[in-house]
Amino acid sequence: MSELEIGALLFIVTFVVLFAGVPIAFSLIAIAVSFLATFGGVGALSSVAHSFVNELSSFALLALPMFVVVGAAIGMSPAGKDLYESLHRWFCGIPGGLVIANIFGCGLFSAMSGSSPATAATIGKVGIPEMVKRGVPVRLATGSIASGGTLGILIPPSITLIVYGLVTQTSVGRLFLAGVVPGVLLVLIFAFYAWLVTVLKLRATETVNAAPREFYSLKEKVSGFSRTMPFLLIIAAVTFFMYGGYATPSEVAAVAAFMVIVMVALIYRIYRLSEAWSIMASATRDSTMILMIVAAAALYAYMMSYLYLTQSVADWMFSLNMSKWELIILLNIFLLIAGLFLPAVSIILMSMPIIHPVLVQYDINLIWFAIVMTINLEIGMITPPLGLNLFVIQGIAPDVSMKDIMLGAMPFVFIMLIYIVFLVIFPGIITWLPDMLMGPG
Amino acid sequence: MTVFYKAQGGTYTPPSQRAHPLHLFNIWVTRISIGSAMVAALLLFSGVLIVTWMVLARNIGLQTSWELEASIEIMVIAVFLASPYTLHTNGHVRMEVLEAVLPIRVGKVLSIIAKLIGFFACLYLAWVGWQITVDAYSSGERGLGAWAPLVWPKYASMAFGMALTALQYIVIICQPVHQNQRGTENV
């Protein structure tokens, strides 16, 4: 069999095994080992074990479990609820204020956790019942939280961007900086959409104004942030230490994890052994899941390289003689489709070994591509059949049908699609901040 | 451990139903998996403390030597030790797309095949992990860096963790059989 034929077979086998319900990590291990043994001979298996362990033996990789600890500690505390309540005080006076408060809550929580499902779950638990109670249509309520939650992988610290940085050997600090402006802009666009919908449609039915108007003084508004401020300060400190060159992302992540654990204990009195176990067990489980996929994907990439598949597919893509724009469009379509079926981390780990040399050859900015890729993958989190955030929302709001949740997310999907086109036309939105603070990349 | 087990949704079974060999196997594999995860969680927490200490020590002018390698070794060991618990709590991400669209009977067969694939993948890693552990132990192989730790504990954690994950798979595969048997016993 030629390399391209083996590649086609690998593609089919991978999708069948993944969709059969084998955990992603074990699927990749089983496929890598089978293909190595079948097409490379038994001798090709000699370095499987070392390859698997050594992939995990990286200090850069330590950033992943450390940020997961941060997310778990904040996620299991009432910080999300406090954040929502304090934002609600600021936005309750304007049309669509409840929805806007939730979207801003998602944006700020993303800056603390780095995980999309965690963001959607934490803000949604408080936000959705409150919105529904006050007359916000369920589709807008659930859609805003599902899509607001996706900001978790765009706004730093983002686990997806850390994995991308590791695979492509790109600076994680630069990637984090690149995610700031597009992330903040997306929050504002989502909020503008919520405001517009409320003004144009909901005011006519007066459902939103059915509840009595609330008023908070400036003192009450400011005091609302008293309990969440320490966490926001930790994020500010993380940013300062990382970009100030005082510590590497892994070191910053560990210090942030330590500070968040201390803060959660001091502010929310979460220090009993059972509570501490809950946080650490959740963090350990999620870290293991991600790191096993990382190690398995490295084995998968090793198999593809050993069988000369990576190079063959890259050569095949070069032979198509596509223009840069054609390639960008093709890659975006591929990522959108892949995002419908696979988790973001897996897509990056499985596809980047092939895409990376093509991007380099076409002189495409890797930082810019990371952000465009991330937004593509965000769309996958709120579209069927495997939109993770849709299932998270259904878990929070079991009374709302999946159809309503999906339809509620659709306008936000369209917003993100248009936003991707916008970022493709104006790449400076992504590269401006990292270039300004760290010099041209 | 009991508190932790209950907090994680572990099921309590009356003493009268504990005699079945499969049930005993289930209980012991699950207990070891949870114990192993507790060690992993402690290691992860100690990793947080070690790296925080390393940053602090460096910034106050102290020399650091073992911290970097220790934190890496700890993370690797924690990942393997927590793998069975992650499977036990359904934490390894998977996509049951085919099972959802295929007829129920075919879907059930596919589900068992999927579990067997996972089982053999874990068993293979446990086996090769054991081989490199024995090699590293007999040669006294050490890691790179200033501290240069022995590498066999790291490799052994792979062998142990993946073997226990394979056993956890046996528990999952036998679960319907065991439940049916218990159902018959109850009738």
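The values are calculated or read from the model by the stated rules, or taken from the named source; none is laboratory data. If you're wondering where the values come from, they're calculated on a predicted model, not measured in any experiment. Cβ atoms come from the backbone with ideal geometry, glycine included; neighbour counts cover every protein chain shown.
Residue-by-condition table, conditions (1) closer than 30 Å to A:L388 by Cα; (2) modelled with pLDDT of 85 or more:
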position: B:G10; (1), (2): yes, no
position: B:S33; (1), (2): yes, yes
position: B:M38; (1), (2): yes, yes
position: B:L43; (1), (2): yes, yes
position: B:T52; (1), (2): no, yes
position: B:S65; (1), (2): no, no
position: B:Y85; (1), (2): yes, yes
position: B:M95; (1), (2): yes, no
position: B:V106; (1), (2): yes, yes
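Does A:V22 meet the test of being in a helix (DSSP H, G or I) and of a type in the set (A, V, I, L, M)? Judged against the criteria, A:V22 is not a match.
Quick check, is B:F120 modelled with pLDDT of 95 or more, surrounded by fewer than 20 Cβ atoms within 10 Å (Cβ to Cβ) and not polar (S, T, N, Q)? Steps first, please.
Working: modelled with pLDDT of 95 or more: yes; surrounded by fewer than 20 Cβ atoms within 10 Å (Cβ to Cβ): yes; not polar (S, T, N, Q): yes.
When the stated conditions are applied, B:F120 passes them.
Which of the following residues is at pLDDT below 90, out of contact with any strand residue (DSSP E or B) (no Cβ under 6 Å at 6 or more places or on another chain) and more than 25 Å from A:G148 (Cβ to Cβ): A:L359, A:L366, A:L437, A:L390? Walk me through it before giving the result.
Details: A:L359 fails: at pLDDT below 90; A:L366 fails: at pLDDT below 90; A:L390 fails: more than 25 Å from A:G148 (Cβ to Cβ).
Among A:L359, A:L366, A:L437, A:L390, only A:L437 is at pLDDT below 90, out of contact with any strand residue (DSSP E or B) (no Cβ under 6 Å at 6 or more places or on another chain) and more than 25 Å from A:G148 (Cβ to Cβ).
Candidates A:G21, A:G71, A:G80: the one that is within 11 Å of another protein chain (Cβ to nearest Cβ), more than 26 Å from B:D135 (Cα to Cα) and out of contact with any strand residue (DSSP E or B) (no Cβ under 8 Å at 6 or more places or on another chain) is A:G21. For the residues A:I354, A:I367, A:I379, A:I371, the requirement of being more than 14 Å from chain B (Cβ to nearest Cβ) and within 23 Å of A:F39 (Cβ to Cβ) singles out A:I354.
With respect to A:F241, is the statement that it is modelled with pLDDT of 85 or more, surrounded by fewer than 23 Cβ atoms within 10 Å (Cβ to Cβ) and assigned to a helix (DSSP H, G or I) true? No: the conditions fail for A:F241.
Does the stretch B:48-69 hold any residues that are in contact (Cβ under 8 Å) with a residue 12 or more places away in the chain and either within 7 Å of chain A (Cβ to nearest Cβ) or among the hydrophobic types (A, V, I, L, M, F, W, C) (or both), and which are they?
B:I50, B:V51, B:W53, B:M54, B:W66, B:L68
Scanning the stretch A:61-83 for residues that are of a type in the set (G, A, S) and assigned to a loop (DSSP other than H, G, I, E, B) turns up just one, A:S77.
Report yes if A:V136 is among the β-branched types (V, I, T) and under 20 Å from A:P249 (Cα atoms), otherwise no. No; evaluated as a whole, the condition is false for this residue.
When the stretch A:300-326 is examined, which residues are found to be surrounded by 19 or more Cβ atoms within 10 Å (Cβ to Cβ) and either not in a helix (DSSP H, G or I) or not small (G, A, S) (or both)? The answer is A:Y300, A:Y302, A:M303, A:M304, A:L307, A:L309, A:T310, A:V313, A:M317. Within the stretch A:340-363, the presence of at least one residue that is within 20 Å of the chain's Cα centre (by Cα) and assigned to a loop (DSSP other than H, G, I, E, B) is confirmed.
Listed here are the residues, each with its yes/no results for (1) surrounded by 23 or more Cβ atoms within 10 Å (Cβ to Cβ); (2) within 14 Å of the chain's Cα centre (by Cα); (3) without any contact (Cβ under 8 Å) to a residue 24 or more places away in the chain.
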residue: A:G105; (1), (2), (3): yes, no, no
residue: A:A111; (1), (2), (3): yes, yes, no
residue: A:G127; (1), (2), (3): yes, no, no
residue: A:G143; (1), (2), (3): yes, no, no
residue: A:T150; (1), (2), (3): yes, yes, no
residue: A:S158; (1), (2), (3): yes, yes, no
residue: A:L166; (1), (2), (3): no, no, no
residue: A:S171; (1), (2), (3): no, no, no
residue: A:L188; (1), (2), (3): no, no, yes
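Any idea which residue in the stretch B:90-111 is farthest from the chain's Cα centre (by Cα), counting only those that are over 21 Å from A:L28 (Cα atoms) and not in a helix (DSSP H, G or I)? In this case the residue turns out to be B:P103. Screening A:E85, A:E55, A:E5 for residues that are within 14 Å of chain B (Cβ to nearest Cβ) and charged (D, E, K, R) leaves exactly one candidate, A:E55.
Of all residues in the stretch A:1-32, those that are surrounded by fewer than 23 Cβ atoms within 10 Å (Cβ to Cβ), hydroxyl-bearing (S, T, Y) and within 22 Å of A:S51 (Cα to Cα) total 1.
Are there any pairs with C-beta distances below 7 angstrom linking a residue in the stretch A:430-441 that is on the phi < 0 side of the Ramachandran plot to a residue that is among the hydroxyl-bearing types (S, T, Y), with the two at least 6 apart or on different chains, and if so which? Close Cβ pairs (under 7 Å, with a partner that is among the hydroxyl-bearing types (S, T, Y)) amount to A:L437/A:Y243. Of all the criteria given as (1) buried (at least 24 other Cβ atoms within 10 Å of the Cβ); (2) modelled with pLDDT of 85 or more; (3) of a type in the set (S, T, Y), the one not satisfied by A:S115 is (2). Looking at (1) outside any helix (DSSP H, G or I); (2) touching a Gly at 6+ places or on another chain (Cβ under 7 Å); (3) not acidic (D, E), which is the only condition A:I371 fails? (1) is the only condition that A:I371 fails.
In the stretch A:311-338, the residues that are among the aliphatic types (A, V, I, L, M) form no Cβ pair under 6 Å with any partner that is exposed (fewer than 14 other Cβ atoms within 10 Å of the Cβ), whether six or more places apart or across chains. Would you confirm whether any residue within the stretch B:52-67 is assigned to a helix (DSSP H, G or I), touching a helix residue (DSSP H, G or I) at 6+ places or on another chain (Cβ under 9 Å), under 26 Å from A:P343 (Cβ atoms) and not basic (K, R)? No: zero hits.
Can you tell which of A:I371, A:I333, A:I354 is farther than 16 Å from A:E55 by Cβ, surrounded by fewer than 23 Cβ atoms within 10 Å (Cβ to Cβ) and either out of contact with any Ser or Thr (no Cβ under 8 Å at 6 or more places or on another chain) or of a type in the set (K, R) (or both)? Answer to the selection: A:I333.
Taking A:G124 as the residue in question, decide whether it is in a helix (DSSP H, G or I) and out of contact with any strand residue (DSSP E or B) (no Cβ under 6 Å at 6 or more places or on another chain). Yes; evaluated as a whole, the condition is true for this residue. With respect to (1) surrounded by fewer than 24 Cβ atoms within 10 Å (Cβ to Cβ); (2) assigned to a helix (DSSP H, G or I), the lone exception for A:A283 is condition (1). Candidates A:S110, A:S58, A:S86, A:S27: the one that is assigned to a helix (DSSP H, G or I) and either at pLDDT 85 or above or acidic (D, E) (or both) is A:S27.
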